[in-house]
Amino acid sequence: MPRRWIFVCALAAGAVLSSVRGQVSNPPAVSGATLPPPTSAPRPPRLLPWFEFCTGSKDEGAQVVGLLASMQEWTDGAIVVTQPGGEWIYLELARRLPYLNILPGARVVQIEPKRRLDDPARWEAVAAFVRTALGTTRSRRFVLEVEYPLYGYWEGEKPLDLSGLAAGLRRLPPQVEYVWYPGGVAHTNQAFLRDSLPRCLALWRTIQASLPLVVFANHGPSNSPEHTARTWEQINDVLLRSEGRRTMDSVYVGSKPAGMWPMSRAGEALARVRTAEAFVWCPQEEWPELSAQLTRAVGAGVSRAEGLGSGTGSAAPP
């Protein structure tokens, strides 16, 4: 089969990923209960701002706390990714914003960086970080930000021993919902993408088998305004949501880097979210503007993100 047809087939597969709504006629009366009126309006997605706290600077910590405090009108949670030495931010957030549900995370590139990603000893160090973060935040969810360590693998220059990676992942604390970022490979070169797809699928299957509760961060339609013209986003989206994988959509808003949703189109971006939860990334200096938009929507009597778009995605993770 010519390779170009692989892309056509994968894109066609996306057409079958539609939901079927059942209808029940003449429902039985329920004694002593009032049934809610039927509605076709989807629930708005829960939006989680994504912050990376990497420097360990006290000043930056105060800035993160201040920004999150300003977001309490439209979110009750946030993703805060850091590295060894930055764990104190979780204590500070718990002390100053006790109502906020923190989903902690680690930049794996900063943990035992001299060891290979398929070295179980590296994941032992990650597991220690996970236990510390979960103990501080009382969360049962954790973000694994593994973007940079995978570049060589995507490019075919640094093969991974997937059995070694699986052994390492199994050393992470069990019964935790891990959010794996990024869910797919991003590249505009068609030949590169075509060659990387088998590696991509093999990696996803290894992760899913090793971390049963894993959720993959998905660069889907809400990722960028150019989604329909980006073959790599469409292919990743179709394949990532196949084989029963659970996903979390991502929304990128701001003036940089190129290809993100401009602030004036934030509503359009959020309207494309299909999952019950989505993370929202924005340049840190632009968060006040985006947060003000969301706060105004809630202040106008709109629930959560409804005023800037509503999602129709999968059921919420536990």
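Go through the stretch 91-122 residue by residue and tally those that are of a type in the set (V, I, T) and over 17 Å from V179 (Cβ atoms).
Here the count works out to 0.
Does any residue in the stretch 286-301 that is outside any helix (DSSP H, G or I) come within less than 6 Å, Cβ to Cβ, of a residue that is at pLDDT below 90 six or more places away or on a different chain, and which pairs are these?
Every condition considered, no pair remains.
Out of all the residues in the stretch 75-87, which are modelled with pLDDT under 90 and either part of a strand (DSSP E or B) or within 22 Å of A292 (Cα to Cα) (or both)?
T75, D76
Could you count how many residues in the stretch 249-282 are surrounded by fewer than 21 Cβ atoms within 10 Å (Cβ to Cβ) and in contact with a Cys (Cβ under 8 Å, 6 or more places away or on another chain)?
2
Do we find a residue being closer than 19 Å to L240 by Cα and not charged (D, E, K, R) anywhere in the stretch 123-130?
no
L294: at pLDDT below 90, crowded, with 20+ Cβ neighbours inside 10 Å and over 30 Å from A167 (Cα atoms), yes or no? Full working, then the answer.
On the way: at pLDDT below 90: yes; crowded, with 20+ Cβ neighbours inside 10 Å: yes; over 30 Å from A167 (Cα atoms): yes.
For L294, the condition - at pLDDT below 90, crowded, with 20+ Cβ neighbours inside 10 Å and over 30 Å from A167 (Cα atoms) - is met.
Can you tell me which residues in the stretch 143-173 are over 20 Å from K114 (Cβ atoms), surrounded by 19 or more Cβ atoms within 10 Å (Cβ to Cβ) and at pLDDT below 90?
Selection gives W154 alone.
When you go through (1) touching a helix residue (DSSP H, G or I) at 6+ places or on another chain (Cβ under 9 Å); (2) in a helix (DSSP H, G or I); (3) farther than 30 Å from V130 by Cα one by one for R265, which number turns out not to apply?
Going through the list (1) touching a helix residue (DSSP H, G or I) at 6+ places or on another chain (Cβ under 9 Å); (2) in a helix (DSSP H, G or I); (3) farther than 30 Å from V130 by Cα, R265 breaks only (1).
Which of the residues that make up the stretch 201-257 are among the aliphatic types (A, V, I, L, M), modelled with pLDDT of 85 or more and outside any loop (DSSP other than H, G, I, E, B)?
L201, A202, L203, I207, A209, V215, A217, M248, V251, V253
The values are calculated or read from the model by the stated rules, or taken from the named source; none is laboratory data. Bear in mind the structure is a predicted one, so any value in this text is a computation, not a measurement. Cβ: placed from backbone, ideal geometry, glycine included. Neighbour counts: every protein chain shown.
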